[in-house]
Amino acid sequence: MSSHDRKERFYITTPIYYVNDLPHIGHAYTSLACDVMARYYRIRGIDSRLLTGTDEHGLKIQRSAESRGETPQALTDRISDNFRLLAGEMNVSYDDFIRTTEERHKEECQKLWCRLYDRGDIYKGKYAGWYATSDEAYVEESELIEKDGKYVVASGAEVEWVEEESYFFRLSRFQDRLLDYYKSHPDFVYPKSRYNEVVSFVEGGLEDLSVSRTTFSWGVPVPGDESHVMYVWLDALVNYVSALGRVDPPSALHEKYWPADWHVVGKDILRVHAGYLPAFLMSADLPLPRGVFAHGWWTSEGQKISKRLGNVLDPVKLKRMYGLDQLRYFLLREVPFGRDGDFVRRRLCERNNADLANDYGNLCQRTLVLLSRYGEGIMPRLEGLLAGDEAFLLKVGEALKCSEVAMERLGFDEALSEIWKCLRMANIYIDNEEPWRVVKEDRVRGVLILGVILEVLRRVSLYVWPFMPDSCDKILDLLGVGLEDRRMESLEKPVAGGTQLPPPEIVFPRLREEEIEDGT
(Lines give C-alpha, C1' and ligand atoms only; values in the text may rest on other atoms or scores of the structure.)
Protein backbone atom coordinates (compact mmCIF):
# COMPACT_ATOMS: atom_id res chain seq x y z
CA MET A 1 0.00 0.00 0.00
CA SER A 2 1.42 3.39 -0.92
CA SER A 3 1.80 6.08 1.68
CA HIS A 4 -1.01 8.34 0.48
CA ASP A 5 -4.59 8.06 1.64
CA ARG A 6 -6.37 6.12 -1.10
CA LYS A 7 -9.71 7.43 0.16
CA GLU A 8 -8.81 10.81 -1.29
CA ARG A 9 -7.64 9.91 -4.80
CA PHE A 10 -6.86 7.06 -7.19
CA TYR A 11 -4.35 6.97 -10.07
CA ILE A 12 -4.25 4.10 -12.58
CA THR A 13 -2.33 3.73 -15.84
CA THR A 14 -2.38 1.58 -18.92
CA PRO A 15 0.98 0.88 -20.52
CA ILE A 16 1.67 3.34 -23.29
CA TYR A 17 1.05 1.44 -26.49
CA TYR A 18 3.83 1.06 -29.04
CA VAL A 19 2.86 2.62 -32.37
CA ASN A 20 4.26 -0.11 -34.59
CA ASP A 21 0.86 -1.43 -35.66
CA LEU A 22 -2.90 -0.95 -35.43
CA PRO A 23 -4.69 -1.41 -32.09
CA HIS A 24 -6.03 -4.89 -31.31
CA ILE A 25 -8.07 -6.66 -28.65
CA GLY A 26 -5.16 -6.73 -26.19
CA HIS A 27 -4.94 -2.94 -26.19
CA ALA A 28 -8.70 -2.65 -25.69
CA TYR A 29 -8.61 -5.22 -22.86
CA THR A 30 -5.99 -3.34 -20.85
CA SER A 31 -7.67 0.01 -21.37
CA LEU A 32 -11.10 -1.34 -20.41
CA ALA A 33 -9.76 -2.81 -17.17
CA CYS A 34 -8.26 0.54 -16.21
CA ASP A 35 -11.40 2.38 -17.26
CA VAL A 36 -13.56 0.16 -15.05
CA MET A 37 -11.34 0.82 -12.04
CA ALA A 38 -11.30 4.57 -12.62
CA ARG A 39 -15.08 4.64 -13.00
CA TYR A 40 -15.51 2.44 -9.93
CA TYR A 41 -13.68 4.89 -7.71
CA ARG A 42 -15.36 7.90 -9.29
CA ILE A 43 -18.81 6.50 -8.55
CA ARG A 44 -17.64 6.01 -4.97
CA GLY A 45 -16.87 9.72 -4.79
CA ILE A 46 -13.08 9.34 -5.03
CA ASP A 47 -11.04 11.61 -7.29
CA SER A 48 -9.71 9.19 -9.91
CA ARG A 49 -7.23 9.74 -12.72
CA LEU A 50 -6.70 7.42 -15.68
CA LEU A 51 -3.65 7.77 -17.92
CA THR A 52 -3.09 6.13 -21.29
CA GLY A 53 -1.05 7.03 -24.35
CA THR A 54 1.50 5.93 -26.92
CA ASP A 55 5.18 4.98 -26.96
CA GLU A 56 6.65 6.47 -30.12
CA HIS A 57 10.45 6.25 -30.18
CA GLY A 58 12.99 3.64 -31.23
CA LEU A 59 14.82 2.09 -34.15
CA LYS A 60 11.78 0.15 -35.34
CA ILE A 61 9.76 3.35 -35.76
CA GLN A 62 12.62 5.12 -37.53
CA ARG A 63 13.12 2.25 -39.99
CA SER A 64 9.40 1.85 -40.57
CA ALA A 65 9.05 5.53 -41.39
CA GLU A 66 12.05 5.44 -43.74
CA SER A 67 10.62 2.43 -45.58
CA ARG A 68 7.36 4.36 -46.13
CA GLY A 69 9.10 7.52 -47.23
CA GLU A 70 7.79 9.62 -44.37
CA THR A 71 9.19 11.17 -41.22
CA PRO A 72 9.00 9.31 -37.90
CA GLN A 73 6.89 12.15 -36.52
CA ALA A 74 4.35 11.87 -39.34
CA LEU A 75 4.17 8.11 -38.85
CA THR A 76 3.67 8.35 -35.10
CA ASP A 77 1.10 11.14 -35.44
CA ARG A 78 -1.00 8.96 -37.70
CA ILE A 79 -0.79 5.73 -35.70
CA SER A 80 -1.12 7.42 -32.32
CA ASP A 81 -4.46 8.82 -33.48
CA ASN A 82 -5.68 5.25 -33.99
CA PHE A 83 -5.11 4.51 -30.31
CA ARG A 84 -6.88 7.68 -29.27
CA LEU A 85 -9.80 6.72 -31.50
CA LEU A 86 -9.87 3.22 -30.01
CA ALA A 87 -10.19 4.68 -26.52
CA GLY A 88 -13.19 6.67 -27.73
CA GLU A 89 -14.77 3.66 -29.43
CA MET A 90 -14.39 1.61 -26.22
CA ASN A 91 -15.78 4.46 -24.05
CA VAL A 92 -12.54 4.69 -22.07
CA SER A 93 -12.80 7.72 -19.79
CA TYR A 94 -9.14 8.66 -19.74
CA ASP A 95 -8.05 11.93 -18.12
CA ASP A 96 -4.83 12.28 -20.07
CA PHE A 97 -3.32 10.80 -23.23
CA ILE A 98 0.47 11.06 -23.12
CA ARG A 99 2.71 10.77 -26.18
CA THR A 100 6.44 10.27 -25.75
CA THR A 101 7.06 12.70 -28.63
CA GLU A 102 5.50 15.57 -26.66
CA GLU A 103 7.80 18.25 -25.30
CA ARG A 104 6.37 17.91 -21.78
CA HIS A 105 7.48 14.28 -21.77
CA LYS A 106 10.92 14.92 -23.27
CA GLU A 107 11.66 17.63 -20.71
CA GLU A 108 10.80 15.42 -17.74
CA CYS A 109 12.74 12.50 -19.25
CA GLN A 110 15.85 14.62 -19.46
CA LYS A 111 15.36 15.93 -15.93
CA LEU A 112 14.99 12.40 -14.59
CA TRP A 113 18.09 11.32 -16.52
CA CYS A 114 20.07 14.11 -14.85
CA ARG A 115 18.74 13.02 -11.48
CA LEU A 116 19.89 9.44 -12.01
CA TYR A 117 23.23 10.61 -13.41
CA ASP A 118 23.87 12.98 -10.51
CA ARG A 119 23.31 10.09 -8.08
CA GLY A 120 25.99 8.09 -9.81
CA ASP A 121 23.58 5.53 -11.22
CA ILE A 122 24.28 6.25 -14.89
CA TYR A 123 27.75 5.84 -16.45
CA LYS A 124 29.21 5.61 -19.96
CA GLY A 125 30.57 2.33 -21.32
CA LYS A 126 30.43 0.16 -24.41
CA TYR A 127 27.90 -2.49 -25.33
CA ALA A 128 28.25 -5.40 -27.72
CA GLY A 129 25.52 -7.96 -28.21
CA TRP A 130 22.61 -9.30 -30.20
CA TYR A 131 19.76 -6.84 -30.67
CA ALA A 132 16.17 -7.61 -31.69
CA THR A 133 14.90 -4.46 -33.39
CA SER A 134 11.20 -5.37 -33.38
CA ASP A 135 11.36 -6.16 -29.65
CA GLU A 136 13.59 -3.13 -28.91
CA ALA A 137 15.74 -5.34 -26.70
CA TYR A 138 19.17 -6.88 -26.40
CA VAL A 139 19.05 -10.66 -26.05
CA GLU A 140 21.35 -13.29 -24.61
CA GLU A 141 23.06 -15.71 -26.98
CA SER A 142 21.24 -18.55 -25.22
CA GLU A 143 17.94 -17.06 -26.45
CA LEU A 144 18.90 -17.29 -30.14
CA ILE A 145 17.22 -19.72 -32.54
CA GLU A 146 18.68 -20.41 -35.99
CA LYS A 147 16.08 -20.23 -38.73
CA ASP A 148 16.67 -20.15 -42.49
CA GLY A 149 20.29 -19.17 -41.98
CA LYS A 150 19.39 -16.28 -39.68
CA TYR A 151 19.15 -15.89 -35.93
CA VAL A 152 15.80 -15.09 -34.37
CA VAL A 153 14.33 -15.10 -30.86
CA ALA A 154 11.25 -16.91 -29.56
CA SER A 155 8.95 -14.09 -30.74
CA GLY A 156 10.21 -14.62 -34.28
CA ALA A 157 12.05 -11.29 -34.34
CA GLU A 158 15.31 -11.25 -36.25
CA VAL A 159 18.43 -10.14 -34.40
CA GLU A 160 21.57 -8.33 -35.45
CA TRP A 161 24.97 -7.93 -33.82
CA VAL A 162 25.44 -4.43 -32.45
CA GLU A 163 28.49 -2.77 -30.94
CA GLU A 164 28.14 0.76 -29.73
CA GLU A 165 29.06 3.24 -27.04
CA SER A 166 26.30 3.32 -24.46
CA TYR A 167 25.28 4.78 -21.17
CA PHE A 168 24.39 2.22 -18.53
CA PHE A 169 22.08 2.33 -15.53
CA ARG A 170 23.50 0.56 -12.45
CA LEU A 171 20.59 -1.86 -12.20
CA SER A 172 22.79 -4.37 -10.36
CA ARG A 173 23.08 -1.90 -7.50
CA PHE A 174 19.36 -2.23 -6.82
CA GLN A 175 19.01 -6.01 -6.70
CA ASP A 176 18.98 -6.32 -2.92
CA ARG A 177 16.83 -3.22 -2.48
CA LEU A 178 14.27 -4.60 -4.90
CA LEU A 179 14.17 -8.00 -3.18
CA ASP A 180 13.76 -6.32 0.21
CA TYR A 181 10.94 -4.21 -1.22
CA TYR A 182 9.13 -7.22 -2.68
CA LYS A 183 9.42 -9.01 0.65
CA SER A 184 8.00 -6.08 2.61
CA HIS A 185 5.33 -5.37 -0.04
CA PRO A 186 3.97 -8.78 -1.08
CA ASP A 187 1.04 -7.10 -2.87
CA PHE A 188 3.34 -5.09 -5.15
CA VAL A 189 2.95 -7.57 -8.03
CA TYR A 190 -0.38 -9.14 -8.95
CA PRO A 191 -1.61 -11.76 -9.53
CA LYS A 192 0.32 -13.77 -6.96
CA SER A 193 1.72 -16.16 -9.57
CA ARG A 194 3.44 -13.20 -11.24
CA TYR A 195 4.93 -12.05 -7.95
CA ASN A 196 6.94 -15.26 -7.75
CA GLU A 197 8.07 -14.81 -11.35
CA VAL A 198 9.42 -11.32 -10.65
CA VAL A 199 11.20 -12.35 -7.45
CA SER A 200 12.82 -15.27 -9.29
CA PHE A 201 13.91 -12.97 -12.11
CA VAL A 202 15.61 -10.53 -9.74
CA GLU A 203 17.13 -13.27 -7.59
CA GLY A 204 18.69 -14.66 -10.76
CA GLY A 205 20.93 -11.60 -10.90
CA LEU A 206 20.57 -8.16 -12.44
CA GLU A 207 23.14 -6.77 -14.84
CA ASP A 208 23.56 -3.08 -15.52
CA LEU A 209 21.13 -1.91 -18.17
CA SER A 210 22.07 -0.16 -21.40
CA VAL A 211 19.95 2.99 -21.46
CA SER A 212 21.12 4.85 -24.57
CA ARG A 213 21.68 4.28 -28.29
CA THR A 214 23.86 5.88 -30.96
CA THR A 215 22.81 3.74 -33.93
CA PHE A 216 19.62 5.72 -34.48
CA SER A 217 18.39 9.23 -33.71
CA TRP A 218 14.64 8.88 -33.17
CA GLY A 219 14.43 9.31 -29.43
CA VAL A 220 14.88 11.70 -26.51
CA PRO A 221 18.40 13.20 -26.68
CA VAL A 222 20.65 12.44 -23.71
CA PRO A 223 21.31 15.71 -21.83
CA GLY A 224 24.84 16.95 -22.52
CA ASP A 225 25.57 14.23 -25.09
CA GLU A 226 23.12 14.45 -27.95
CA SER A 227 24.96 11.84 -30.00
CA HIS A 228 22.99 9.45 -27.77
CA VAL A 229 19.23 9.02 -27.48
CA MET A 230 17.58 7.37 -24.50
CA TYR A 231 16.81 3.67 -24.64
CA VAL A 232 13.13 3.24 -25.32
CA TRP A 233 12.35 1.57 -21.98
CA LEU A 234 13.79 4.35 -19.85
CA ASP A 235 12.07 6.88 -22.08
CA ALA A 236 8.74 5.03 -22.06
CA LEU A 237 8.59 4.25 -18.34
CA VAL A 238 8.97 7.91 -17.43
CA ASN A 239 5.56 8.64 -18.98
CA TYR A 240 3.72 7.72 -15.78
CA VAL A 241 5.58 10.53 -14.04
CA SER A 242 5.91 13.05 -16.89
CA ALA A 243 2.15 13.04 -17.50
CA LEU A 244 1.71 14.64 -14.09
CA GLY A 245 4.02 17.55 -14.84
CA ARG A 246 7.11 18.66 -12.98
CA VAL A 247 8.76 16.44 -10.40
CA ASP A 248 10.99 19.16 -8.98
CA PRO A 249 9.47 21.39 -7.84
CA PRO A 250 6.41 19.13 -7.90
CA SER A 251 3.42 20.24 -9.92
CA ALA A 252 -0.03 20.24 -8.36
CA LEU A 253 -0.89 17.08 -10.30
CA HIS A 254 2.28 15.34 -9.16
CA GLU A 255 1.67 16.23 -5.52
CA LYS A 256 -1.90 15.02 -5.76
CA TYR A 257 -1.61 11.78 -7.71
CA TRP A 258 1.91 10.35 -7.45
CA PRO A 259 2.58 7.54 -6.74
CA ALA A 260 0.22 5.54 -8.92
CA ASP A 261 -2.07 2.97 -7.37
CA TRP A 262 -1.83 0.52 -10.25
CA HIS A 263 0.24 0.16 -13.40
CA VAL A 264 -1.74 -2.36 -15.47
CA VAL A 265 0.35 -4.14 -18.12
CA GLY A 266 0.47 -7.24 -20.27
CA LYS A 267 2.46 -10.12 -18.82
CA ASP A 268 5.15 -9.71 -21.50
CA ILE A 269 6.31 -6.39 -20.02
CA LEU A 270 5.89 -7.26 -16.35
CA ARG A 271 9.61 -7.56 -15.58
CA VAL A 272 10.26 -4.12 -17.00
CA HIS A 273 7.52 -2.55 -14.89
CA ALA A 274 8.18 -4.52 -11.71
CA GLY A 275 11.97 -4.52 -12.00
CA TYR A 276 13.36 -1.64 -14.07
CA LEU A 277 10.75 0.98 -13.15
CA PRO A 278 11.05 0.55 -9.36
CA ALA A 279 14.84 0.74 -9.66
CA PHE A 280 14.62 3.99 -11.65
CA LEU A 281 12.24 5.43 -9.06
CA MET A 282 14.44 4.34 -6.16
CA SER A 283 17.42 6.02 -7.80
CA ALA A 284 15.38 9.20 -8.39
CA ASP A 285 14.17 9.10 -4.77
CA LEU A 286 10.54 8.94 -5.87
CA PRO A 287 7.83 6.86 -4.13
CA LEU A 288 7.00 3.54 -5.75
CA PRO A 289 3.50 2.70 -7.02
CA ARG A 290 1.15 0.64 -4.91
CA GLY A 291 1.37 -2.20 -7.40
CA VAL A 292 1.82 -3.60 -10.88
CA PHE A 293 -0.86 -5.90 -12.28
CA ALA A 294 0.00 -8.18 -15.20
CA HIS A 295 -2.93 -9.56 -17.18
CA GLY A 296 -2.89 -12.48 -19.60
CA TRP A 297 -3.27 -12.80 -23.35
CA TRP A 298 -6.22 -13.70 -25.52
CA THR A 299 -6.47 -16.45 -28.08
CA SER A 300 -9.25 -16.63 -30.68
CA GLU A 301 -11.44 -19.72 -30.91
CA GLY A 302 -8.61 -21.77 -29.39
CA GLN A 303 -5.88 -20.45 -31.70
CA LYS A 304 -3.04 -18.05 -31.07
CA ILE A 305 -3.86 -14.66 -32.59
CA SER A 306 -1.63 -13.74 -35.52
CA LYS A 307 -1.77 -11.90 -38.82
CA ARG A 308 -0.57 -15.05 -40.56
CA LEU A 309 -3.66 -16.96 -39.40
CA GLY A 310 -5.88 -13.99 -40.22
CA ASN A 311 -7.61 -14.12 -36.85
CA VAL A 312 -6.61 -10.77 -35.38
CA LEU A 313 -9.50 -9.48 -33.28
CA ASP A 314 -10.49 -5.93 -34.17
CA PRO A 315 -12.26 -4.50 -31.09
CA VAL A 316 -14.10 -1.87 -33.13
CA LYS A 317 -15.60 -4.49 -35.46
CA LEU A 318 -16.52 -6.64 -32.46
CA LYS A 319 -18.22 -3.65 -30.86
CA ARG A 320 -20.28 -2.98 -33.97
CA MET A 321 -21.27 -6.62 -34.24
CA TYR A 322 -22.18 -7.40 -30.63
CA GLY A 323 -22.55 -4.04 -28.88
CA LEU A 324 -20.03 -2.09 -26.82
CA ASP A 325 -21.28 -2.89 -23.34
CA GLN A 326 -21.80 -6.52 -24.28
CA LEU A 327 -18.14 -6.66 -25.36
CA ARG A 328 -16.95 -4.82 -22.24
CA TYR A 329 -18.89 -7.20 -20.02
CA PHE A 330 -17.68 -10.34 -21.78
CA LEU A 331 -13.99 -9.41 -21.71
CA LEU A 332 -13.99 -8.74 -17.98
CA ARG A 333 -16.44 -11.47 -16.94
CA GLU A 334 -15.32 -14.44 -18.98
CA VAL A 335 -11.78 -14.87 -17.64
CA PRO A 336 -10.18 -14.05 -14.25
CA PHE A 337 -8.09 -10.95 -14.81
CA GLY A 338 -4.48 -12.07 -14.88
CA ARG A 339 -5.05 -15.34 -16.71
CA ASP A 340 -5.01 -16.07 -20.43
CA GLY A 341 -8.40 -16.21 -22.12
CA ASP A 342 -9.97 -17.58 -25.26
CA PHE A 343 -12.29 -15.30 -27.22
CA VAL A 344 -15.12 -17.56 -28.37
CA ARG A 345 -18.00 -15.80 -30.10
CA ARG A 346 -20.48 -18.47 -29.06
CA ARG A 347 -19.56 -17.78 -25.43
CA LEU A 348 -20.10 -14.04 -25.91
CA CYS A 349 -23.55 -14.80 -27.26
CA GLU A 350 -24.32 -17.11 -24.35
CA ARG A 351 -23.12 -14.55 -21.82
CA ASN A 352 -25.24 -11.87 -23.42
CA ASN A 353 -28.40 -13.97 -23.55
CA ALA A 354 -28.09 -15.59 -20.12
CA ASP A 355 -26.50 -12.85 -18.00
CA LEU A 356 -27.57 -9.63 -19.67
CA ALA A 357 -30.78 -10.31 -21.59
CA ASN A 358 -32.25 -12.81 -19.08
CA ASP A 359 -30.89 -12.25 -15.57
CA TYR A 360 -30.60 -8.47 -15.79
CA GLY A 361 -32.58 -7.05 -18.68
CA ASN A 362 -35.61 -9.34 -18.45
CA LEU A 363 -35.86 -8.87 -14.68
CA CYS A 364 -35.92 -5.10 -15.17
CA GLN A 365 -38.37 -5.29 -18.08
CA ARG A 366 -40.87 -7.64 -16.46
CA THR A 367 -40.82 -5.76 -13.14
CA LEU A 368 -41.42 -2.40 -14.79
CA VAL A 369 -44.18 -3.83 -17.00
CA LEU A 370 -45.91 -5.24 -13.89
CA LEU A 371 -45.51 -1.91 -12.10
CA SER A 372 -46.98 -0.10 -15.10
CA ARG A 373 -49.92 -2.51 -15.09
CA TYR A 374 -50.64 -2.70 -11.37
CA GLY A 375 -48.98 0.37 -9.88
CA GLU A 376 -49.55 3.00 -12.61
CA GLY A 377 -45.78 3.08 -13.23
CA ILE A 378 -45.13 4.98 -9.99
CA MET A 379 -42.05 4.01 -7.98
CA PRO A 380 -43.31 2.47 -4.69
CA ARG A 381 -42.15 3.61 -1.28
CA LEU A 382 -40.37 0.86 0.65
CA GLU A 383 -42.63 1.01 3.68
CA GLY A 384 -44.06 -1.96 5.54
CA LEU A 385 -41.41 -4.48 4.50
CA LEU A 386 -41.79 -7.99 5.84
CA ALA A 387 -38.98 -9.86 7.60
CA GLY A 388 -38.38 -11.89 4.42
CA ASP A 389 -37.98 -8.71 2.39
CA GLU A 390 -35.48 -7.33 4.88
CA ALA A 391 -33.52 -10.60 4.91
CA PHE A 392 -33.43 -10.63 1.12
CA LEU A 393 -32.13 -7.04 0.91
CA LEU A 394 -29.55 -7.85 3.57
CA LYS A 395 -28.21 -10.76 1.47
CA VAL A 396 -28.03 -8.47 -1.54
CA GLY A 397 -26.03 -5.95 0.48
CA GLU A 398 -23.63 -8.67 1.64
CA ALA A 399 -22.98 -9.85 -1.92
CA LEU A 400 -22.34 -6.28 -3.09
CA LYS A 401 -19.84 -5.79 -0.26
CA CYS A 402 -18.03 -8.93 -1.43
CA SER A 403 -17.88 -7.44 -4.92
CA GLU A 404 -16.14 -4.36 -3.46
CA VAL A 405 -13.45 -6.55 -1.92
CA ALA A 406 -12.87 -8.22 -5.27
CA MET A 407 -12.67 -4.88 -7.09
CA GLU A 408 -9.90 -3.67 -4.78
CA ARG A 409 -7.62 -6.36 -6.22
CA LEU A 410 -8.92 -6.05 -9.81
CA GLY A 411 -10.90 -9.27 -9.50
CA PHE A 412 -13.41 -8.24 -12.15
CA ASP A 413 -14.91 -11.66 -12.83
CA GLU A 414 -15.34 -12.31 -9.10
CA ALA A 415 -16.91 -8.90 -8.54
CA LEU A 416 -19.37 -9.47 -11.37
CA SER A 417 -20.12 -12.95 -10.08
CA GLU A 418 -21.09 -11.49 -6.70
CA ILE A 419 -23.23 -8.84 -8.35
CA TRP A 420 -24.97 -11.46 -10.45
CA LYS A 421 -25.80 -13.40 -7.28
CA CYS A 422 -28.02 -10.44 -6.43
CA LEU A 423 -29.80 -10.62 -9.78
CA ARG A 424 -30.33 -14.34 -9.50
CA MET A 425 -31.65 -13.94 -5.96
CA ALA A 426 -33.99 -11.24 -7.26
CA ASN A 427 -35.27 -13.51 -10.02
CA ILE A 428 -35.93 -16.24 -7.46
CA TYR A 429 -37.60 -13.70 -5.15
CA ILE A 430 -40.03 -12.47 -7.80
CA ASP A 431 -40.90 -16.04 -8.85
CA ASN A 432 -41.50 -17.08 -5.24
CA GLU A 433 -43.44 -13.97 -4.24
CA GLU A 434 -45.57 -13.91 -7.41
CA PRO A 435 -46.54 -10.22 -7.28
CA TRP A 436 -48.84 -10.67 -10.33
CA ARG A 437 -50.94 -13.01 -8.17
CA VAL A 438 -50.58 -11.17 -4.84
CA VAL A 439 -51.64 -7.84 -6.33
CA LYS A 440 -55.10 -9.24 -7.09
CA GLU A 441 -55.70 -9.91 -3.38
CA ASP A 442 -53.50 -7.23 -1.80
CA ARG A 443 -52.54 -4.48 -4.21
CA VAL A 444 -50.31 -2.64 -1.71
CA ARG A 445 -48.32 -5.79 -0.92
CA GLY A 446 -48.04 -6.80 -4.57
CA VAL A 447 -46.70 -3.38 -5.60
CA LEU A 448 -44.32 -3.38 -2.62
CA ILE A 449 -42.78 -6.65 -3.87
CA LEU A 450 -42.10 -4.90 -7.17
CA GLY A 451 -40.56 -2.00 -5.25
CA VAL A 452 -38.16 -4.36 -3.48
CA ILE A 453 -36.98 -5.73 -6.83
CA LEU A 454 -36.57 -2.25 -8.27
CA GLU A 455 -34.47 -1.33 -5.25
CA VAL A 456 -32.19 -4.30 -5.97
CA LEU A 457 -31.95 -3.21 -9.60
CA ARG A 458 -31.02 0.32 -8.49
CA ARG A 459 -28.23 -1.00 -6.29
CA VAL A 460 -26.99 -3.50 -8.84
CA SER A 461 -26.99 -0.93 -11.65
CA LEU A 462 -24.68 1.37 -9.70
CA TYR A 463 -22.26 -1.50 -9.10
CA VAL A 464 -22.40 -2.63 -12.74
CA TRP A 465 -22.13 0.93 -14.09
CA PRO A 466 -18.29 0.98 -14.26
CA PHE A 467 -18.42 -2.05 -16.56
CA MET A 468 -21.35 -1.02 -18.75
CA PRO A 469 -21.93 2.71 -18.25
CA ASP A 470 -24.20 3.32 -21.25
CA SER A 471 -26.52 0.40 -20.55
CA CYS A 472 -26.67 1.08 -16.83
CA ASP A 473 -27.48 4.73 -17.47
CA LYS A 474 -30.45 3.55 -19.56
CA ILE A 475 -31.61 1.28 -16.75
CA LEU A 476 -31.17 4.03 -14.16
CA ASP A 477 -33.22 6.29 -16.42
CA LEU A 478 -35.96 3.66 -16.46
CA LEU A 479 -35.78 3.48 -12.65
CA GLY A 480 -36.15 7.24 -12.34
CA VAL A 481 -32.74 7.70 -10.72
CA GLY A 482 -31.53 11.27 -11.29
CA LEU A 483 -27.96 12.06 -12.31
CA GLU A 484 -27.29 13.52 -8.88
CA ASP A 485 -28.10 10.14 -7.29
CA ARG A 486 -25.81 8.02 -9.45
CA ARG A 487 -23.15 7.69 -6.75
CA MET A 488 -22.64 4.96 -4.18
CA GLU A 489 -23.42 7.38 -1.38
CA SER A 490 -26.99 7.58 -2.68
CA LEU A 491 -27.49 3.95 -1.59
CA GLU A 492 -27.32 5.09 2.02
CA LYS A 493 -30.80 6.56 1.69
CA PRO A 494 -33.93 4.75 0.50
CA VAL A 495 -35.75 5.72 -2.66
CA ALA A 496 -38.29 8.40 -1.85
CA GLY A 497 -40.94 6.77 -4.03
CA GLY A 498 -43.79 8.48 -5.80
CA THR A 499 -41.84 9.11 -9.01
CA GLN A 500 -43.59 8.50 -12.31
CA LEU A 501 -41.33 6.16 -14.27
CA PRO A 502 -40.93 6.23 -18.05
CA PRO A 503 -42.37 3.44 -20.22
CA PRO A 504 -40.36 0.16 -19.98
CA GLU A 505 -38.03 -0.75 -22.83
CA ILE A 506 -35.57 -3.52 -23.68
CA VAL A 507 -31.96 -2.64 -22.84
CA PHE A 508 -30.20 -5.91 -23.71
CA PRO A 509 -31.55 -7.52 -26.89
CA ARG A 510 -30.86 -11.19 -27.34
CA LEU A 511 -28.25 -12.29 -29.87
CA ARG A 512 -29.22 -15.04 -32.30
CA GLU A 513 -26.84 -17.91 -32.97
CA GLU A 514 -26.88 -17.18 -36.69
CA GLU A 515 -25.49 -13.70 -35.94
CA ILE A 516 -22.28 -15.22 -34.61
CA GLU A 517 -19.84 -14.98 -37.45
CA ASP A 518 -16.24 -14.11 -38.01
CA GLY A 519 -15.88 -10.62 -36.51
CA THR A 520 -12.20 -10.17 -37.31
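Computed from Cα positions, the angle between helix 72-89 and the longest principal axis of the chain comes to roughly 20 degrees.
The solvent-accessible area of Asp176, taken with every protein chain present and a 1.4 Å probe, is close to 110 Å². Rounded to two decimals, the Cα radius of gyration of region 71-179 over 2.2 N^0.38 Å is 1.44. Checking every one of the GluC sites (Glu not before Pro) in region 183-283 against DSSP loop status and a limit of 15 other Cβ atoms within 10 Å picks out Glu207. Accessible area ranking (1.4 Å probe, heavy atoms, ligands and nucleic acids excluded), largest first, for Glu8, Glu89: Glu8, Glu89. Projected over all directions and averaged, the alpha-carbon convex hull of region 1-150 occupies 13.3 nm². Relative to one another, the C-alpha centroids of region 63-89 and region 119-152 are positioned 26 Å apart. Heavy-atom accessible area for Lys401, with the other protein chains in place and a 1.4 Å probe, reaches approximately 120 Å². Restricting attention to region 20-87, which GluC sites (Glu not before Pro) occupy a DSSP loop and are surrounded by at most 16 other Cβ atoms within 10 Å? Those that pass, being in a loop and sparsely packed, are Glu70.
For Ser300, what residues show an amide H to amide H distance below 5 Å, using hydrogens built from the backbone and excluding near sequence neighbours? It is Ile305, Phe343, by chain and number. Amide H to amide H, with H built 1.01 Å from N, Tyr18 comes under 5 Å of Asp55, counting only residues 5 or more places away or on other chains. The value obtained for region 296-406, namely the Cα convex hull volume divided by the number of residues, is 143 Å³ per residue. With every protein chain in place and a 1.4 angstrom probe, the accessible-area ranking of Ile453, Ile305, largest first, reads Ile305, Ile453.
The label point for Leu385 and the one for Glu107, both projected 7 Å from the Cα toward the Cβ, are 5.5 nm apart. Evaluated at q = 0.16, 0.17, 0.18 Å⁻¹, a Debye calculation over the C-alpha positions of region 374-520 (equal weights, vacuum) places log10 I(q)/I(0) at -0.95, -1.05, -1.16.
Annotation: per residue accessible area for region 346-417 equals 42 Å², rounded to a whole number [probe 1.4 Å, protein chains only]. Between the residues Ser417, Ser372, Pro466, the greatest Cα displacement towards the positive end of the dipole of the chain, with unit charges on the Cβ of Lys, Arg, Asp and Glu, is found for Ser372. For Lys304, the lysines whose Cα falls under 30 Å of its own Cα, not counting residues fewer than eight places away in the same chain, are Lys60, Lys147, Lys150, Lys192, Lys267, Lys317, Lys319. Restriction of the GluC sites (Glu not before Pro) in region 284-392 to DSSP coil positions whose beta-carbon has at most 16 other beta-carbons within 10 angstrom yields Glu301, Glu376, Glu383.
Taking θ as phi - 60° and the Karplus parameters 6.51, -1.76 and 1.60, the scalar couplings of region 147-157 work out to 8, 6, x, 10, 9, 9, 10, 4, 6, x, 5 Hz in sequence order, x denoting glycine and proline.
At 20 °C and 1.002 mPa s, grab the translational diffusion coefficient of the chain from Stokes-Einstein with a Kirkwood Rh over Cα pairs, rounded to a whole number in µm² per second.
Numbers: Rh = 25.3 Å.
My calculation gives 85 µm²/s for D.
Here the simple spin-label model places points 7 Å from the Cα toward Cβ, and for Glu350 and Glu203 these points are separated by 4.0 nm.
Calculate what fraction, in whole %, of the accessible area of the chain sits on carbon and sulfur atoms when a 1.4 Å probe is rolled over the protein chains.
Ligands and nucleic acids excluded, carbon and sulfur give 48 percent.
Region 232-310 and region 338-398 have their alpha-carbon centroids 38 Å apart. The residues Arg345, Arg320, Arg115, Arg437, sorted by heavy-atom accessible surface at 1.4 Å with ligands and nucleic acids left out, run Arg320, Arg437, Arg115, Arg345 from largest to smallest.
Here the simple spin-label model places points 7 Å from the Cα toward Cβ, and for Phe216 and Ala154 these points are separated by 2.3 nm. Using the Cβ-Cβ distance between Glu140 and Glu8 with R0 set to 45 Å, the FRET efficiency from 1/(1 + (r/R0)^6) comes to roughly 0.50. Across the chain, Cα pairs under 8 Å and at least six residues apart give a relative contact order of 16 percent. Dipole check for region 81-228: with +1 at the C-beta of Lys and Arg, -1 at the C-beta of Asp and Glu, and the Cα centre as origin, the magnitude is about 480 Debye. Gyration tensor over the Cα atoms of region 250-304: the corresponding equivalent ellipsoid has semi-axes (square roots of 5 times the eigenvalues, largest first) of 30, 13, 7 Å. Consider a paramagnetic label point 7 Å from the Cα of Arg68 along Cα→Cβ; state which residues of region 12-36 have an amide N under 11 Å from it. Under 11 Å, as judged by backbone N against the label point of Arg68, lie 19-22 of region 12-36. Take region 160-202 with all the other protein chains still there, run a 1.4 Å probe, and you get 52 Å² of accessible area per residue. Note on Lys183 and Tyr123: the extension gain reaches 18.7 nm, defined as 0.36 nm multiplied by sequence separation minus the Cα-Cα distance.
The values are calculated or read from the model by the stated rules, or taken from the named source; none is laboratory data. Values in this document were obtained by computation on a predicted structure and should not be read as measured data. Methodologically, a virtual Cβ is constructed for each residue, glycine included, from the backbone with ideal geometry; neighbour enumeration extends over all protein chains shown. For accessibility, only protein heavy atoms count, side chains too; no ligands or nucleic acids. Shrake-Rupley method; radii C 1.70, N 1.55, O 1.52, S 1.80 Å.
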